[in-house]
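Written below as structure tokens is the structure these notes are about.
The values are calculated or read from the model by the stated rules, or taken from the named source; none is laboratory data. Please read all numbers here as calculations on a predicted model, not as lab measurements. Backbone-built Cβ (ideal geometry, glycine too); neighbour counts: all protein chains shown. All accessible areas refer to the heavy atoms of the entire protein, side chains included, with ligands and DNA or RNA removed. Shrake-Rupley method; radii C 1.70, N 1.55, O 1.52, S 1.80 Å.
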Amino acid sequence: MRKLLWVLFAAGTLAGCKKDPAPAPAREETGVAADKDSKEASAEDFQELDDGKPYVLTQAKLDAYVGYQRKVLDAYAAMNKALQDAKARVDSGKDVADLSASMKAIESKAESESRARREAGLTELDVNRIGALVTDVITQRHMSAMLDLSGELKKLEEMRARLNPEQQKELAPQIDTMRKRVEETEKLVGVRKVHGDANVDLVLTREQELMLNYQDMLRSFGAKSQ
């Protein structure tokens, strides 16, 4: 029963409160490469950064973003390995001043990220807006799967069936609330209000690849994916 009540609370936290528009991910910090890209960006791109203007995702841009995201994750993994190797050399006393190698690893990651974006044909605006959209959709889908709200709702309904009429009446409001949260979470109601049905539906066509990327990202940061 305690677990079920916790799930009720988690469901309310996940989908019950009003969702504010997610902030756009931080812009790429690529030193000289970033300065060059900024000069190449058109004035229209920066005018379109107004959050009040809806971003229209296309299949081509989504496909490009999936590939871009994969390359960025690979670049991060390479940087992380280089930094760990540098730390290992310092810890072993073989190299007590390996700051240069660490900086090169970070710069290489930034350059790879910027290059991947250009090769994908995406602007910084595209990366920021698509990134915010994808993060909102995939994060909620991942949390929904982890919490298994549908399964917990079924258990709660089965438990109610074993109670006496008075207890069933007391439990009914909680079940109704959870049922609503399950529906809202599975249909991504809050995310759709922020990003629009068309954009969300399009992201879901590449959900499998985006979820794999998301889980790899969690693992790279030492988090549990599921």
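Key figures for this structure:
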item	result
Number of the condition not met by ASN213 [criteria: (1) part of a loop (DSSP other than H, G, I, E, B); (2) at pLDDT 90 or above]	(1)
Long-range neighbours under 6 Å by Cβ, at least six apart or interchain, first residue over 10 Å from ILE130 (Cβ atoms) within segment 52-75, second charged (D, E, K, R)	VAL72/GLU113; LEU73/ASP216; ALA75/LYS109; ALA75/GLU113
Top-ranked residue of segment 188-205 - restricted to ones that are more than 13 Å from THR135 (Cα to Cα) and not in a helix (DSSP H, G or I), ranked as most open to solvent (accessible area, probe 1.4 Å)	THR205
Any hit, segment 71-83, residues being of a type in the set (Phe, Trp, Tyr), at pLDDT 75 or above and touching a Leu at 6+ places or on another chain (Cβ under 7 Å)	no
Single unsatisfied condition, ARG129 versus (1) basic (Lys, Arg); (2) at pLDDT below 70; (3) within 30 Å of LEU188 (Cα to Cα)	(2)
Failed criterion for ALA172 (all others in (1) touching a residue at least 24 places away in the same chain (Cβ under 8 Å); (2) farther than 17 Å from LYS61 by Cα hold)	(1)
Residues of segment 140-188 classified as among the hydrophobic types (A, V, I, L, M, F, W, C) and over 21 Å from the mean Cα position of the chain (by Cα), total	9
